[in-house]
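Written below as structure tokens is the structure these notes are about.
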Amino acid sequence: MIATWPFGKIANEHAFEKLRAGGSRVDAVESGIREIERRSSDGSVGIEGRPNAAGYPQLDACIMDGPGQRAGSVAGVEGIVHPISAARAVMDHCRHVMLVGEGARWFALEHGVESIDTEPYDALKAKWVAGERSSDIDGRGHDTVALLVLDADGELAGGCSTSGAGGKLPGRVGDSPILGSGLYVDNEVGAAGATGLGENIMRYCGSFLVVEYMRQGMHPQAACEEAVHRIARLDPKGYELSICFIALDKQGRWGAAASNQRFPFAVATAAGNEIVRVPRVQPR
Ligand code: ASP
């Protein structure tokens, strides 16, 4: 398994434990991500994550299972402690794939996902609507936990969860809950996940792109790098994109790449669970 950022090591640990205890690959993904949501690690995932410009968090998450190409996603959900479990409830119990906002919250509550009272958000919303912009809209500070798992049967699953870009406009949805952007799992080929500035990932279907490069025969490392180069070539910002990818293929090979920063992530195999760092890609 492979997971974004140093907190990915904790996600891997919990996912591995779940597998060892007899859980499925989807249980493993959910369990690993729930732990990061629970800790609201470095304030960028979960209910203690980065607030939006109006001062309260809106959370995004999705989950995919390779066999059957099953998926569930929630976006802009408020007061839900484990958005990944809400996404899983959508995957397992809903005829739709993606729910947003109020509807996503309602569905999560119906399926017993832990929640907090969102009433305190009301005053912040009212202020925002009235034009009182007290929060710092800086767009700084954001991270996502994305976790990809290849189980002992050679089947893939993945998930991701985030509070999105700090200071985002209320209603802004990033790449993370968008299948093919923040996450993509293709059980024939491999899986990919993203973190970084969602606006620079979702315009290029970033994770889908990485998976398609693997389909063409690239190693996951080359596929992640190629996706960064392709986006940089097309984008007016060049390599100043703040985007990172992780990938895992059907053979258990993995890779990662980042546009303009050193990118730490965690890789776990039966042999151990390590934080690995890749330097930024060398601009072409
Ligand atoms: N990709 C997330 C978003 O834009 C944030 C991050 O991963 O840093 O919402």
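Taking a cut-off of 26 Å between Cα atoms, list the lysines near residue 9, but don't count ones fewer than 8 places away on the same chain.
18, 250
Nearest 20 debye, what's the magnitude of the dipole of the chain about its Cα centre given +1 on Lys and Arg Cβ and -1 on Asp and Glu Cβ? Don't skip to the end; give the middle numbers.
On the way: 29 positive and 36 negative charges, 152 e Å.
Its charge dipole is roughly 720 debye.
Counting alpha carbon pairs within less than 8 Å and at least 6 residues apart, what relative contact order, in whole percent, applies to the chain? Write out the running numbers ahead of the final one.
On the way: 785 pairs, mean separation 57.8, N = 284.
Relative contact order, the chain: 20 percent.
Which whole-number value in Å² is the accessible area per residue of segment 149-284, probe 1.4 Å?
Working: 5120 Å² over 136 residues.
Result: 38 Å² per residue.
Can you compute the charge dipole magnitude of segment 102-228 about its Cα centre, using +1 on each Lys and Arg Cβ and -1 on each Asp and Glu Cβ, nothing else charged? Give it in debye, rounded to the nearest 20. Mind dumping the intermediate values first?
Numbers: 9 positive and 20 negative charges, 114 e Å.
That gives a dipole near 540 debye.
Where the centroid of each part is defined by its Cα atoms, how far is segment 152-172 from segment 243-284 in Å?
About 17 Å separates the Cα centre of segment 152-172 from the one of segment 243-284.
Which one, 154, 16, 251, projects farthest toward the positive side of the charge dipole computed for the chain from Cβ point charges (K/R +1, D/E -1)?
Going by the charge dipole, the pick is 251.
In percent, how large is the relative contact order of segment 49-123, given Cα pairs closer than 8 Å and 6 or more residues apart? All intermediate terms of the calculation are to be shown ahead of the outcome.
Numbers: 136 pairs, mean separation 20.5, N = 75.
It rounds to 27 percent for segment 49-123.
With a 10 Å radius around each residue's Cβ, average the other Cβ atoms per peptide and rank 23-32, 55-64, highest first. Write out the running numbers ahead of the final one.
On the way: 23-32: 23.4, 55-64: 27.7.
Going by the mean number of other Cβ atoms within 10 Å, highest first, we get 55-64, 23-32.
Per residue of the chain, what 222 nm ellipticity follows from adding -39500 (n - 2.57) for every DSSP H run with n ≥ 4, rounded to the nearest 500?
On the way: 8 runs with 89 residues, N = 284.
Here the helix-only value at 222 nm equals -9500 deg cm²/dmol.
The values are calculated or read from the model by the stated rules, or taken from the named source; none is laboratory data. None of these values were measured; they are calculated from a predicted model. So basically every Cβ, Gly included, is an ideal-geometry build from the backbone, and we count neighbours across all protein chains shown. Side chains included, ligands, DNA and RNA excluded: accessible areas come from the protein's heavy atoms. Shrake-Rupley method; radii C 1.70, N 1.55, O 1.52, S 1.80 Å.
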